[in-house]
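Peer 1: Structure incoming, see below.
Please treat every number below as a calculation from the coordinates, not as lab data. Source: prediction; values computed, not measured. Reconstructed Cβ throughout: ideal geometry from the backbone, glycine too, with neighbour counts over all protein chains shown.
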Amino acid sequence: MENINPRRLGVQYYSMGMCLPCLGGAADDVVVTPDPETRRRQLAEAAEKRQKETAYRGVKNPETVERKRKKQEEMEKQAMTTSVSGGGGGLKWQVG
């Protein structure tokens with residue numbers, strides 16, 4: 001079998017499937033990953049942002065919706081405390 005020079009055929013060899021023309025600037029391309037606590041905080045903030053965007057999708061004024069929701073919750077809370085502590089208020093049943 002004849003020994004064929006691969007360069008004569010136009011074949012180039014790459015290290016581990018990557019083209020590495022010069023290793024001198026390789027340190028500049030390295031991305032430093034943040035420590036786990038910082039990464040966890042960033043992921044939590046991104047998740048919270050996505051939840052807010054999803055919750056208010058199609059709403060023109062999300063602040064108004066939030067105010068109305070809080071007002072409704074306060075009214076429900078007040079109604080619950082009034083009905084529990086009052087006892088005598090509200091409808092009364094008559095038998096007879």
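Peer 1: Using the Cα gyration tensor of region 33-79, with a ≥ b ≥ c the square roots of its eigenvalues, what is the shape: rounded (a/c below 1.5), prolate (a/b larger than b/c) or oblate (neither)?
Peer 2: oblate
Peer 1: Any chance you could run the full-extension gain for Ala55 through Lys77? It's 0.36 nm times the residue separation minus the Cα-Cα distance, nm to one decimal.
Peer 2: 5.6 nm
Peer 1: Can you work out the FRET efficiency for the pair Arg67 and Val31, with r the C-beta to C-beta distance and R0 = 35 Å, to the nearest 0.05?
Peer 2: For R0 = 35 Å, the calculated efficiency reads 0.25.
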